[in-house]
Amino acid sequence: MENSGKNKYFDQSMQFDAIASDDELLEARRLATYSVNALRVAKSVDRTFVLFPAAVQALTSLDRLFQLGTEFNMPQGMRLVGPSGVGKTASFEYFRASLPNSALFAQGMAAISVRVQNKPRTSHLVQAILNAIRYPFNSGSARQLYMRRSLLFDALKNYKTRLIWLDEAQHLLYQRRSEMSNEWENDATEFLRELVDECKLSLVLAGTSELDNLPEVAPHLSSRVSGRESMDNFIADANWVGFVRGFVKQCQSFDLTCMNDVQMAMRLHMASEGNLRAFKRLVTEAVLIAYDSNDRQVDRKALQRGFQGVFGAGAVRGNPFV
């Protein structure tokens, strides 16, 4: 009698459960993405900015430097020191967006921002500032860019730029020394000293606590940016609860009222470690999840899933919303 099981394909194993077709995987990935409407709502959450004490102090100093910029021969400037994600750049963007229009300076050129790359040369800074003021000839060799310093100074004077913000300014402390002739390539801090003296504008160096070594590394530049303000991660206290409640109030696009609870605010602190960037990333993710789940407000479940989405299933610290 012929064995009916002969040549039968063996498929009775749980190992096959892990195998999915490309179409199934694609469909699962499609379902895992967020809707366009959810992205629109979450974008407004991402743009929310809340004034907190350190930001207010930084803005006060920026207002002062902006007013004094170009008014005196005496250089004006400051260092804004703090770890990544505490709101330094967000504070400057808020400051710049709130500047009024005036005949005293070209629109959009009154305060400009430049990010300092690692181990910068003078040519890098010249090119970055030329890009920031949308100068038409902003490329070329390092030598050509260095020689355009005078053109840059003239352009800043014509635009009546009053303040320049240098982000990631701690990179100035680790400059790449030129292997070519120093006749045309000075180090970056010397260029900034020349820029401040020539254009009579205010200079803000924003970066990590490494900037506190500036007096030793570049004393002449340091003497021109004599002010110092600091920002840091929040500690878990009343100021943090006040910040979270202020964020809830400021955010009009989605209901975040569950975060007004003190215990929930403390869980948010545990999740973000008091870092504003981490906090906003988590809340934005929770809004995306809640919106696409047809919930009208963020709840603990959305924050739990948001934490896993932002920090990953393998996060070192535990999920405080579990």
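Of note:
- Scope region 236-261; condition among the polar types (S, T, N, Q) and farther than 21 Å from PRO53 by Cβ; matching residues: GLN252, SER253, THR257
- Remark: pairs (first residue in region 147-164, more than 15 Å from ASP197 (Cβ to Cβ) and surrounded by 23 or more Cβ atoms within 10 Å (Cβ to Cβ); second residue among the polar types (S, T, N, Q) and at pLDDT 90 or above; Cβ separation under 7 Å; 6+ apart in sequence or on different chains) = ARG162/SER202; LEU163/SER202.
- LEU163 touching a Ser or Thr at 6+ places or on another chain (Cβ under 9 Å) and modelled with pLDDT under 90: no
- Checking each residue in region 220-237 for being within 24 Å of LEU152 (Cα to Cα) and of a type outside the set (A, V, I, L, M) picks out HIS220, SER222, SER223, ARG224.
- Scanning region 38-82 for residues being part of a loop (DSSP other than H, G, I, E, B) and not charged (D, E, K, R) gives a total of 12.
- Candidate set: region 37-85, residues that are more than 22 Å from HIS171 (Cα to Cα) and small (Gly, Ala, Ser); chosen: the one farthest from the chain's Cα centre (by Cα): GLY69
- MET266 aliphatic (A, V, I, L, M), crowded, with 20+ Cβ neighbours inside 10 Å and at pLDDT 95 or above: no
- Of all the numbered requirements in (1) in the same structural domain as PHE243 (by the TED database); (2) surrounded by 14 or more Cβ atoms within 10 Å (Cβ to Cβ); (3) without any contact (Cβ under 8 Å) to a residue 40 or more places away in the chain, ALA42 misses one, and that requirement is (3).
- Pick from region 269-295, criterion free of Cβ contacts under 8 Å to residues at least 24 places away in the same chain and of a type in the set (Ser, Thr, Tyr), ranking: surrounded by the most Cβ atoms within 10 Å (Cβ to Cβ): SER272
- Out of VAL322, VAL262, VAL298, one residue alone is under 20 Å from VAL41 (Cβ atoms) and in contact (Cβ under 8 Å) with a residue 12 or more places away in the chain. It is VAL298.
- Contact map, region 204-231: residues that are touching a residue at least 60 places away in the same chain (Cβ under 8 Å) and surrounded by 15 or more Cβ atoms within 10 Å (Cβ to Cβ) paired with residues that are part of a loop (DSSP other than H, G, I, E, B) and polar (S, T, N, Q), Cβ distance under 8 Å, separation 6+ or inter-chain. Pairs shown: THR208/SER84.
The values are calculated or read from the model by the stated rules, or taken from the named source; none is laboratory data. For clarity, every value in this text was computed on a predicted model and none was experimentally measured. Quick reminder, even Gly has a Cβ in these numbers, built from the backbone with ideal geometry, and neighbours come from all protein chains shown.
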